[in-house]
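In what follows, a single structure is set out as structure tokens and then discussed.
Derivation of every value follows stated rules applied to the coordinates shown; laboratory data play no part. Note that the structure is a prediction, hence the values are computed from the model and not measured. Positions of Cβ are backbone-derived with ideal geometry, glycine not excepted, and every protein chain shown enters the neighbour counts.
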2 protein chains.
Amino acid sequence: MAGFGAATQVRATGDGGFDAELDPLWTVGGKPNGGYLLAILARAAIGSAATHPDPLSASAVYLSPPDPGPAAVTVEVLRTGRSATQVRARLTQKDRTCVEALFTLGTLAAAAAPRWVDAAPPPVPAADTLSRTPAQAPGTGLRIDMLDQFEQRIDWQGVGDPPGELRGWLRLPDAPWDPVSLLFAADAFPPATFTLGSNGWTPTLELTVYVRALPAPGPLRVRQRARLLTDTFVDQVCEIWDADGRVVAQATQLAAYRMPPA
Amino acid sequence: MAGFGAATQVRATGDGGFDAELDPLWTVGGKPNGGYLLAILARAAIGSAATHPDPLSASAVYLSPPDPGPAAVTVEVLRTGRSATQVRARLTQKDRTCVEALFTLGTLAAAAAPRWVDAAPPPVPAADTLSRTPAQAPGTGLRIDMLDQFEQRIDWQGVGDPPGELRGWLRLPDAPWDPVSLLFAADAFPPATFTLGSNGWTPTLELTVYVRALPAPGPLRVRQRARLLTDTFVDQVCEIWDADGRVVAQATQLAAYRMPPA
């Protein structure tokens, strides 16, 4: 494994815990991305349970942003069942609890024709017609180092139709998407709030991701939508389709909304 | 307090834990409803943290359904901050772990004009023109005792437009809605899957609720939507508006889908 796989590896420490190394490359403004941290927790949960290989649901609360460098993950298996295993996992750094998450693990199949789906995937221009988002966005002081590690291509022409929504593609350069990297994909788009003229900082408080199927090889189609922006909080819904147009992941997050300095 | 308030009380046991009494009236087929259990966990979380009075986010995994009767709740405060406190809570019965949840607690204000909202509340016929759902649904063997404890009124004429969606009202007979009872409301509608001709059992694996504002007095307007139903799982989105038409809660749940016996 290389790239995302190597950057999210965990090593069992023998006492039921895991060590991880938070990679400085998978960061936003120098801090590890929330979906990246959720993927690390998932690897520890899967390694600890050893019964079911895939995350079906992952729900995390973000307590304190860790820095790149060593971190520890502790895991508690809550229930082992025939079709699902449920696990609690906690990421700490220097005895500070940074993220805690609850997982339902199971065994996913490739996406098949659903019994029912509410909507077709949204139209997005072909990935090669959209420019890749740079790590250093023009006109901002923020450096998003992780954007050098994968391709994020956003349909900027489509912004505003409808308002509050971003659509585009995600591609890992060196590996196909899998259920664990889908947890990362669910938090890899910019906040949709800035399509609303709201450039505030949106630190995630809670992120829930459902992984619905093994993705087909190829890029992911992503739609990120804001639903309600108040003076203090915003929720966003992220929906992800594989290259065959099947729903493979669905996420929701609640973030604090902080106005930018005037 | 009476009704829902009394049925969700918790008592501190002095060792940092809480006792609860799971009420046989707030059940579906004899088992306590999942949103009802989440409300009990929230009361313990709020009681333990004593810093912030309202749940902003609640994410639960359902491990094993408890029976009516005594239960215990253990709570761990993960982080206490100025604007939010984050807490882990676990409900056990006879040493069996039944539900575990992560909470973000804060202080909610009454719903105000948002900076941005994606859509107006859906039209629903006036509550007094819709019949109240009975506890014993005609033609089914299932008894939903909790439906005697609150008013659920569903727009049956509107089912099918669009497919996969249920709309209606919820009212508590003896108390206004509050942030904790909104956690219950987010799981108080029938599965939208049965509008799709799918009558399978849908036990919840994961439920996440965001409470966005203090609700105005009056009934809640509810929309429950299925998004993707496969042979084995379904996700549902529940959106809740107060009597003034403001978004007050948003929920998503992942449930197993089990075909009914042929």
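Taking all Cα pairs closer than 8 Å and separated by 6 or more residues, the relative contact order of the range A:13-123 comes to 28 percent. A label point on A:D148, set 7 Å along the Cα-to-Cβ line, lies at 6.7 nm from each of its counterparts in the other copies, closest listed first.
Other residues with beta-carbon under 9 Å from the beta-carbon of A:F18 carry, at +1 per Lys or Arg and -1 per Asp or Glu, a net charge of +1.
Here is how the number arises for the protein assembly as shown: DSSP H runs of 4 or more residues each give -39500 (n - 2.57), the sum is divided by the residue count, and the result at 222 nm is -3000 deg cm²/dmol.
For the range B:1-85, trypsin sites (Lys or Arg not before Pro) are listed when DSSP marks them as loop and at most 13 other Cβ atoms sit within 10 Å of their Cβ; the list is B:R82. Once C-alpha pairs closer than 8 Å and six or more residues apart are averaged by separation and normalised to the residue number of the range B:42-99, the relative contact order reads 38 percent. Per the Cα gyration tensor, the range A:1-123 maps to an equivalent ellipsoid with semi-axes of 26, 19, 13 Å, ordered largest to smallest. For chain A, relative contact order (Cα pairs under 8 Å, six or more residues apart, normalised by length) works out to 18 percent.
Here is the P(r) of the range A:75-197: all C-alpha pair distances, binned every 5 Å from 0, give 2, 8, 12, 16, 17, 16, 13, 10, 6, 1, 0 in whole percents. When the scattering of chain A is computed by the Debye formula from its Cα atoms alone, each counted once and equally, what is log10 I(q)/I(0) at q = 0.07, 0.11, 0.16, 0.17 Å⁻¹? These q points yield log10 I(q)/I(0) values of -0.23, -0.57, -1.27, -1.43.
Phi angles across the range B:157-163 convert, under the Karplus curve 6.51 cos²θ - 1.76 cosθ + 1.60 with θ = phi - 60°, into 3J(HN,Hα) values of 4, x, 5, x, 9, x, x Hz, Gly and Pro given as x. Between A:W156 and A:R82, residue separation times 0.36 nm minus the direct Cα-Cα distance comes to 22.1 nm.
At 1.567 mPa s and 4 °C, plugging the Kirkwood radius over alpha-carbon pairs of the protein assembly as shown into Stokes-Einstein gives what diffusion coefficient in µm²/s? D, rounded to a whole number, is 56 µm²/s. Label-point distances for B:K31 to the equivalent site in the other copies, using a point 7 angstrom along Cα→C-beta, read 3.9 nm when ranked shortest first.
Rg/Rh for the range A:143-242 stands at 0.95; both radii use Cα atoms, and Rh follows the Kirkwood definition. Amide H to amide H, with H built 1.01 Å from N, B:G218 comes under 5 Å of B:W177, counting only residues 5 or more places away or on other chains.
Setting aside same-chain residues fewer than 8 positions from B:K94, which lysines have a Cα under 28 Å from its Cα? Within reach: B:K31.
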